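The values are calculated or read from the model by the stated rules, or taken from the named source; none is laboratory data. The structure presented is a predicted model; accordingly, all values stated were derived computationally and were not measured. Here the Cβ positions follow ideal geometry from the backbone for every residue, glycine too, while neighbour counts run over all protein chains shown.
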Amino acid sequence: MDQSSSLKFLGSWADSHTHRVRLALKLKGLVFEYQEEDSVNPSPALLLHNPIYKKVPALLHDGRPVVESLVILQYIDETWTDDPIMHADPFERAIVRFWCHFADDKLGPAVGLVFSSAGEGQKAAVDQVHENLKLLERELRDGAFKGRRFFGGDNIGLLDIVLGCGSYWLAVFEEVMEVKLVDPDTFPLFHAWLRDFEEQKEVKETIPPIDKLLEHARGIRQMMLSLSTDTTTATTIGAPATGSTTSNNDAAVEEIGLLQESLVL
Amino acid sequence: MAAEAGEVRLIGAWPSPFVLRPRVALNLKGVEYEFLQEKFGEKSELLLRSNPVYKKIPVLLHHDKSVCESMIIVEYVDGAWANSGHAILPADPYERALHRFWAFYIDDKWFPSMFGIAKAETEEAKAESAEQAWAGLKLLEEAFEKLSKGKAFFGGDIIGYVDIALGAYLGWAKVIEQMTGLKLLDEEKTPLLAIWAERFCAHEAVKEVTPETEKLMEFAKMHFGK
């Protein structure tokens, strides 16, 4: 693949949106420079290129920034048109975009809530995740993705990237929180898709080792639990700084909020 | 090429800014469609069947397939009727990325701050939301300058993706202005956007589907008790 332009990419190693971009770049065979960002302390470069959201990932193509992972993925696909990750058909594209929206709007936050809550709140969050997975399972079984190996068809597409980069948190949270999220009997097609996805060469090269992710998640969970002793009635532990906390805890809570956000599917 | 009557249907409701978006897109493409008005407070069988995940309007039905989410519908219309009217998204991938980013920002950050003004229970909360909304509009003013390149719309000479995303909220912005006495699109704060807003609302693709401010006010009073 001829690449005469320069690509630089700002990300964080445990951030699923970063993985989305990295995977897309790999699938396109693109060469890029990577800069690791601390989610709690954004670099001047990140603040310059993503002044509104101040978050990873940010892609710089010949110095011009593109931010927001879905925007970046579509930009990559439309700029380097070999090995497309989106179908040409407008209806197919609309379906994929819809489920990407669902992933970020419903499924991701529900999974994040499993991690950041306890007791009754967590039980409700787990139920939400199951409800959302049921919708995907149904689509795989009888709906738009019936009979496909991947959501994109025979090859990994945009929706595979979006759902796949983050679904590893399901396994991590299952272990850290000791809850069952993806039962292969209840979600056989989703489960099979995920295993197939994770076996792909480029995916293996993108997703960090599971033990590192486990360690990372356990660390954040510990921080959240140690903060929650003051707010015992809260079912959401370590809520981001918008919640009410004592002034001593504000900085710590904000840090946890930022870390939690980076875990959202 | 105009579609046959019945081939294209849009499930929606006249006060909804989200419904306005696909209506403008369809108008820009010269597509004839049947508008299926939902009754407020009740969801039709067709809606529940066509959007089982969110059960929300708008939903576009084309060849009996359903497309949901307002800006996804806009992009679908742009692709399905690529040979009609103007392109709604620009051709250049970087400009497309900018349009998509700003449309995301508008729904993700700007709309909640505008809506926050209406929901605010104290003068303080109202002022805070207003500050956020104005700050957002300042960013959008800069975006307008960059994307319009001196022309009339975010899309240049023609109504584009961001025009539709932001323009859809203008009706409700006017209602909030009237209810609170605050000027959202202020010629002094954001002169380019103030002019753009007038231009957008006067456009033939927008005019006929934009509800009158008085009707929206009545609707707001009736249903939201404000």
Hits in the stretch B:99-125 (condition: over 17 Å from the mean Cα position of the chain (by Cα) and part of a helix (DSSP H, G or I)):
B:Gly116, B:Ile117, B:Ala118, B:Lys119, B:Glu123, B:Glu124, B:Ala125
Filter the stretch A:21-49 down to residues that are closer than 23 Å to A:Asp104 by Cα and surrounded by 15 or more Cβ atoms within 10 Å (Cβ to Cβ), then give me how many there are.
12
Quick count over the stretch A:50-94, residues being touching a strand residue (DSSP E or B) at 6+ places or on another chain (Cβ under 7 Å) and either more than 9 Å from every other protein chain (Cβ to nearest Cβ) or crowded, with 20+ Cβ neighbours inside 10 Å (or both), is 13
Within the stretch B:79-98, restricting attention to residues that are more than 21 Å from B:Leu139 (Cβ to Cβ) and touching a helix residue (DSSP H, G or I) at 6+ places or on another chain (Cβ under 7 Å), which residue is farthest from the other protein chains (Cβ to nearest Cβ)?
B:His86
Within the stretch B:40-72, considering residues that are of a type in the set (A, V, I, L, M) and under 17 Å from A:Met86 (Cβ atoms), the one surrounded by the most Cβ atoms within 10 Å (Cβ to Cβ)
B:Val67
Answer with yes or no whether B:Leu147 is within 19 Å of the chain's Cα centre (by Cα), in contact (Cβ under 8 Å) with a residue 40 or more places away in the chain and either within 11 Å of another protein chain (Cβ to nearest Cβ) or part of a helix (DSSP H, G or I) (or both).
yes
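Which residues, counting only those in the stretch B:99-109, are without any contact (Cβ under 8 Å) to a residue 60 or more places away in the chain and more than 7 Å from chain A (Cβ to nearest Cβ)?
B:Asp107, B:Asp108, B:Lys109
Matching residues to (1) acidic (Asp, Glu); (2) over 26 Å from A:Val71 (Cα atoms); (3) assigned to a helix (DSSP H, G or I):
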{"residue": "A:Ala125", "(1), (2), (3)": "no, yes, yes"}
{"residue": "A:Glu131", "(1), (2), (3)": "yes, yes, yes"}
{"residue": "A:Arg138", "(1), (2), (3)": "no, yes, yes"}
{"residue": "A:Ile156", "(1), (2), (3)": "no, no, no"}
{"residue": "A:Gly166", "(1), (2), (3)": "no, no, yes"}
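Per-residue answers, yes or no, for (1) in contact with a helix residue (DSSP H, G or I) (Cβ under 7 Å, 6 or more places away or on another chain); (2) more than 14 Å from every other protein chain (Cβ to nearest Cβ); (3) at pLDDT below 95:
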{"residue": "A:Arg149", "(1), (2), (3)": "yes, yes, no"}
{"residue": "A:Asp160", "(1), (2), (3)": "yes, yes, no"}
{"residue": "A:Cys165", "(1), (2), (3)": "yes, yes, no"}
{"residue": "A:Leu170", "(1), (2), (3)": "yes, yes, yes"}
{"residue": "A:Glu174", "(1), (2), (3)": "no, yes, yes"}
{"residue": "A:Glu202", "(1), (2), (3)": "yes, yes, no"}
Against the conditions (1) surrounded by fewer than 19 Cβ atoms within 10 Å (Cβ to Cβ); (2) within 14 Å of another protein chain (Cβ to nearest Cβ); (3) under 26 Å from A:Glu78 (Cα atoms); (4) not aromatic (Phe, Trp, Tyr), where does A:Arg97 fall short? Just the number, please.
(1)
So which residues in the stretch B:183-210 are of a type outside the set (Val, Ile, Thr) and over 24 Å from B:Trp134 (Cα atoms), if there are any at all?
B:His203, B:Glu204, B:Ala205, B:Lys207, B:Glu208
Identify, by number, the condition in (1) assigned to a loop (DSSP other than H, G, I, E, B); (2) at negative phi; (3) small (Gly, Ala, Ser) that B:Gly30 doesn't meet.
(2)
Within the stretch B:175-193, can one find any residue that is more than 30 Å from B:Gly41 (Cβ to Cβ) and under 16 Å from the mean Cα position of the chain (by Cα)?
yes
Inspect all residues belonging to the stretch B:159-180 and state whether any of them is hydroxyl-bearing (Ser, Thr, Tyr) and assigned to a loop (DSSP other than H, G, I, E, B).
yes
Checked the stretch A:76-102 for anything of a type outside the set (D, E, K, R), under 23 Å from B:Leu98 (Cβ atoms) and part of a helix (DSSP H, G or I); matches are A:Ile76, A:Thr79, A:Pro90, A:Ala94, A:Val96, A:Phe98, A:Cys100, A:His101
Checking the structure you have, find out if any residue of the stretch B:190-202 is part of a helix (DSSP H, G or I) and of a type in the set (S, T, N, Q).
no
